[in-house]
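S.K.: Supplied in structure tokens, the structure appears directly below.
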Amino acid sequence: MEKIPYQGQTLTRWRVGNSTFLALPEKGARLMNWNLTLADGSVRDVIYWPEDANFAEFAKVRGGNPILFPFNARVFDRGDIHFWRAADGVRRAMPMHGIARQGDFKVTHLDARGFIAEFVPGEEARQCYPYAYEFTVTYIFEPLGLSCEFALTNRGREPLPWSAGHHFYFTLPWVEGTVRGDYFIRIPAGKRLRQDAKGQLIAGPELQPEERLDNPALVDALHTSLQSGEVVFGEKGKRGEIRLELGTEPVPKPDSTYVTWTLDAKAPFYCVEPWMGPPNAPEHKVGLHFVPPGETQRFSVRVRVG
């Protein structure tokens, strides 16, 4: 583990086995890049980070793993985007992907294998999510993978709503000379959904258990009713696949969701995102969780290269 200067920032770098991880925990608890040194000495980027990233607009950079808290993606209140209504009936603003990816964190633990960072809500965050709570992000880095756990502790006297998630930007393609259509993804979902223009869940595309990643129907698809928490993608029949595990149980909770998304056909990344539930959970209640007063809930994911 070491501190390194980069574009006016001080980043933390970990080397664990053949993996190198780069993060700025104080800003959004953001893992920026993960790369892997291969047997022939070449380097493979697993988590994508753009070289021209604008740190003045850090939360908007398309790369790394933005933390989505307390809610994923777009929320709506009676058809109006970026608003939500809690149990008290008050309508409040809520930015795209919540309040953590653009927020400040304080590092509470740092060692050779990872870090723990606690969210420090600013004024906007307190207005959007006016509760007494503690939200922490814990990363543990491994030679060929990582695990990340969210922990939300309710310090108040009323149930605490949340439906959080990850926004992993995976480098793709990762083998020179290949294109997106050379890669396949397996998602064990029993149901596919989409979000309509008013925030409601509607029927999604008909997909096969295994699909090519150049299938446009995958973009913005919500994969739920998971029969297993594991999603695998990579070149068919070749080593180096990426495996994601959502949760710690063999079968996740029914509303647990994977999202597949990319910016366009030429983007150098593909996002496979494990979420606690579909977007707009505060309104339609699908995938909405509540932390009772005095208790803590956790949401964990693991990513491996095999």
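All of the numbers you see were taken from the coordinates with simple rules; none came from a lab. Everything numeric in this text was worked out from a predicted model, so none of it was measured. So basically every Cβ, Gly included, is an ideal-geometry build from the backbone, and we count neighbours across all protein chains shown.
S.K.: Full-extension gain between Lys3 and Lys238, please, as 0.36 nm times their residue separation minus the C-alpha to C-alpha distance. Walk me through the numbers on the way to the answer.
M.R.: Details: separation 235, 0.36 × 235 = 84.60 nm, distance 3.55 nm.
Extra length from Lys3 to Lys238 when fully extended: 81.1 nm.
S.K.: With r as the distance between the Cβ atoms of Asn18 and Ala59 and R0 = 25 Å, compute the FRET efficiency 1/(1 + (r/R0)^6) and round to 0.05. Write out the running numbers ahead of the final one.
M.R.: Values: r = 30 Å, r/R0 = 1.21.
The value I calculate is 0.25.
S.K.: Just to verify a number: FRET efficiency for Asp214 and Ala93, C-beta to C-beta distance, R0 = 30 Å, to 0.05?
M.R.: Details: r = 37 Å, r/R0 = 1.23.
Efficiency at R0 = 30 Å is approximately 0.20.
S.K.: Can you return the lysines within cross-link range of Lys238? Criterion is Cα-Cα under 24 Å, with same-chain partners fewer than 8 residues away left out.
M.R.: Within reach: Lys266.
S.K.: Still on this structure, I have one more. Given Val16, Leu110, Met94, which one lies farthest toward the positive end of the charge dipole of region 2-305, if we put +1 on the Cβ of every Lys and Arg and -1 on the Cβ of every Asp and Glu?
M.R.: Met94
S.K.: In which sequence would Thr37, Thr10 go, from the one with the fewest C-beta neighbours within 10 Å to the one with the most?
M.R.: Values: Thr37 14, Thr10 10.
The fewest-first ordering by Cβ neighbours comes to Thr10, Thr37.
S.K.: Give me the aspartates and glutamates in straight-line cross-link reach of Lys253: C-alpha distance below 18 Å, same-chain residues under 8 apart excluded.
M.R.: Of all the aspartates and glutamates, those that pass the test against Lys253 - Cα under 18 Å, at least 8 places apart if same chain - are Glu149, Glu230, Glu245, Glu273.
S.K.: Please give the length that would be gained between Glu123 and Asp111 if that part of the chain were fully extended, namely 0.36 nm times their separation in residues minus their C-alpha to C-alpha distance (nm, one decimal).
M.R.: Numbers: separation 12, 0.36 × 12 = 4.32 nm, distance 3.05 nm.
That works out to 1.3 nm of additional length.
S.K.: Next up: Straight-line reach from Lys3: which lysines have Cα under 25 Å away, leaving out those fewer than 8 places along the same chain?
M.R.: Cα-Cα hits under 25 Å: Lys27, Lys60, Lys106.
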